[in-house]
Amino acid sequence: MNYQKIISSLGIMLMIIGVSMVLPLMWSLYYGDSDWLAFLGSSIVTFLAGFVAHKATKLEGTFHNREAFIVVTFSWLLASAFGAIPYILTGTFTSYADAFFETMSGFTTTGASVLTDIESLPHGVLFWRSLTHWLGGMGIVVLFIAILSSLGTGGMQMFRAESPGPVAEKIKPRISETAKILWYTYLLFTIVETLLLWLLGMPLFDALCHTFGTLATGGFSTKNASIGYYTNPMIHWVITIFMFMSGANFALYYQALRGRSLWTFWRNPEFKLYSLIVLASIAFVSFDLFLAGIKGIGNILNLASFQVVSIITTTGYATADFDRWPFFSQAILVALMFVGGCAGSTGGSIKVGRILVLLKQCLLELQKVVHPRAIMNLKIGAKNVPHDIVINILQFFFIYILITIFGTVFMALLGLDLTSAFTAVAATLGNVGPGLAKVGPVQNYSFIPATGKYMLSIFMLLGRLELYTVLVLILPSFWKK
């Protein structure tokens, strides 16, 4: 185990987090808020901790899968641990459990919050909450790889350990080039959406913060009523479109641009299923809301489209209290929590790609019952899916459901009712944010005991790193030579 390279890499991660704290500091100075000193102190402490760790060790030597799993997992843990410092120094939270929960929720793009009055916070704190989304959306480690091209083979190992989806997709032969393209695309979308929201009347600060939450599919807002604070339906539609785009595989945008054809999206089986699920869910929820007596076809489509896309992409923004919607609509939204976006998107949960493989495998098994001697291969589009990938996905699904059941029982032991316990686990493991009942879209997680907040924080990390990267660390054989 190359511990020197592990510590050196983690040091660079902390240096990146420390430098990023300068941005909320600048907003604090711009608005004349007093929290700039807290961000200055946090930035110095975080950067120095990373600088010492990096300089005291060497970023050299062999880098295998084991080192990659450790670096990726501890990068997110350290980012959340040090990222909580500004919340403590500004007095936003008096409990470290609350600060850690909020920071982990930000970096993992979960969007679950323990804050009760968001609008009372200074601008620096609001910007830091949203910035943690943006940094975590495309991935802290992917940013690290994009900045440092000297990783060699270790870059690919870390990219695979952090990137969402059953298979990490390379766009370019060099993994550093792939990371740069993903971040350039991410940055371009950030600029475009910010400008659109600003032109539609949203203040620049709010436009930037909500863009961070949209593209990262995070959901932290600067308003207590989330996006429902804004009455302009065009703002809702812009955010809906960008949430949908963020739920797609970011590699498809590069491929479409390179091939100069939008057919790239429709030729992708995962994107087609993703679009079909979204359209069907919008249709069902719209019809249910119509039967419930909500007026105006345009209003119904706006509400249904926004909430369906927000939940399936695991963004968690809200324009309405869907906890008050008919049970059929609530059931659809809860089901979408277990779907998520496409592989290679910033969305969380199981992922449409895995759902597609599971559906195809089920159909294949039924065909084998009818034709037991037939040799059948599972195909997605024109490509054969290797058997080990199918087994990996089946195991992932089983572990995901097992953790959901365990988490629900654990939260119920802490005193939560069944609906709150189940949706709290589903919303944090899937990086969705809001659930139902006590953790609904107009509620928060502040009432949960500290033990429960730390457990839900672990679920957020498990969901963001897609289980295996974290769970492999608990195996005794992992640490043996």
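The values are calculated or read from the model by the stated rules, or taken from the named source; none is laboratory data. Small disclaimer: the values here were computed from a predicted structure and weren't measured. So basically every Cβ, Gly included, is an ideal-geometry build from the backbone, and we count neighbours across all protein chains shown.
Here is a list: Ser286, Ser281. Which entry is closer than 25 Å to Ser221 by Cβ, crowded, with 18+ Cβ neighbours inside 10 Å and under 23 Å from the mean Cα position of the chain (by Cα)?
Checking each option against the conditions leaves just Ser281.
The rows are residues; the columns are (1) in contact (Cβ under 8 Å) with a residue 60 or more places away in the chain; (2) in contact with a Gly (Cβ under 8 Å, 6 or more places away or on another chain); (3) among the small types (Gly, Ala, Ser); (4) buried (at least 20 other Cβ atoms within 10 Å of the Cβ).
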position	(1), (2), (3), (4)
Ala81	no, no, yes, no
Ala97	yes, no, yes, no
Thr108	yes, yes, no, yes
Asp117	yes, no, no, no
Leu121	no, no, no, no
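If you go through segment 219-252 and keep only what is farther than 17 Å from Gly106 by Cα, surrounded by 19 or more Cβ atoms within 10 Å (Cβ to Cβ) and of a type in the set (Ser, Thr, Tyr), you end up with Tyr230, Thr240. Which condition breaks for Val472 when tested against (1) outside any helix (DSSP H, G or I); (2) on the phi < 0 side of the Ramachandran plot? Among (1) outside any helix (DSSP H, G or I); (2) on the phi < 0 side of the Ramachandran plot, Val472 violates only (1). Taken over segment 374-386, the criterion of being under 28 Å from the mean Cα position of the chain (by Cα), within 16 Å of Cys362 (Cα to Cα) and either of a type in the set (Phe, Trp, Tyr) or not in a strand (DSSP E or B) (or both) is satisfied by Val385, Pro386. Taking the criterion of being in contact (Cβ under 8 Å) with a residue 60 or more places away in the chain, part of a loop (DSSP other than H, G, I, E, B) and either aromatic (Phe, Trp, Tyr) or over 18 Å from Ala304 (Cβ atoms) (or both), the residues of segment 226-256 that qualify are Ala248, Asn249. Scanning segment 34-76 for residues that are under 25 Å from Leu121 (Cβ atoms) and buried (at least 18 other Cβ atoms within 10 Å of the Cβ) turns up Asp35, Trp36, Ala38, Phe39, Ser42, Ser43, Thr46, Phe47, Trp76. Scanning for something assigned to a helix (DSSP H, G or I), among the hydrophobic types (A, V, I, L, M, F, W, C), at pLDDT 95 or above and farther than 17 Å from Ile355 by Cβ, does segment 389-401 turn up at least one residue? The answer is no, given that none of the residues of segment 389-401 is assigned to a helix (DSSP H, G or I), among the hydrophobic types (A, V, I, L, M, F, W, C), at pLDDT 95 or above and farther than 17 Å from Ile355 by Cβ.
Hey, among Ala424, Ala437, Ala412, which residue is under 17 Å from Gly316 (Cα atoms), surrounded by fewer than 17 Cβ atoms within 10 Å (Cβ to Cβ) and among the small types (Gly, Ala, Ser)?
Details: Ala424 fails: surrounded by fewer than 17 Cβ atoms within 10 Å (Cβ to Cβ); Ala412 fails: under 17 Å from Gly316 (Cα atoms).
Result of the check over Ala424, Ala437, Ala412: Ala437.
Thr419 meets the stated requirement of being closer than 25 Å to Asp98 by Cα, part of a helix (DSSP H, G or I), out of contact with any strand residue (DSSP E or B) (no Cβ under 9 Å at 6 or more places or on another chain) and free of Cβ contacts under 8 Å to residues at least 40 places away in the same chain.
Here Leu333 fits the description: touching a helix residue (DSSP H, G or I) at 6+ places or on another chain (Cβ under 9 Å), crowded, with 24+ Cβ neighbours inside 10 Å, assigned to a helix (DSSP H, G or I) and at pLDDT 85 or above. Consider Val370 carefully, then state whether it is buried (at least 16 other Cβ atoms within 10 Å of the Cβ) and more than 16 Å from Met460 (Cα to Cα). For Val370, the condition - buried (at least 16 other Cβ atoms within 10 Å of the Cβ) and more than 16 Å from Met460 (Cα to Cα) - is not met. Among the residues of segment 345-373, the ones that are part of a loop (DSSP other than H, G, I, E, B), at pLDDT 90 or above and at negative phi come to 1 in all. Against the definition (outside any helix (DSSP H, G or I), surrounded by fewer than 20 Cβ atoms within 10 Å (Cβ to Cβ), free of Cβ contacts under 8 Å to residues at least 12 places away in the same chain and of a type outside the set (Asp, Glu)), how does Ser275 come out, yes or no? When the stated conditions are applied, Ser275 does not pass them.
The number of residues in segment 21-33 being assigned to a helix (DSSP H, G or I) and crowded, with 21+ Cβ neighbours inside 10 Å comes to 4.
Can you name the number of the only condition in (1) surrounded by 18 or more Cβ atoms within 10 Å (Cβ to Cβ); (2) in contact (Cβ under 8 Å) with a residue 60 or more places away in the chain; (3) out of contact with any Cys (no Cβ under 7 Å at 6 or more places or on another chain) that Ile300 fails? Status for Ile300: all satisfied but (2).
Considered as a group, the residues in segment 257-272 that are crowded, with 17+ Cβ neighbours inside 10 Å and aromatic (Phe, Trp, Tyr) include one that is farthest from Lys379 (Cα to Cα), and that residue is Phe265.
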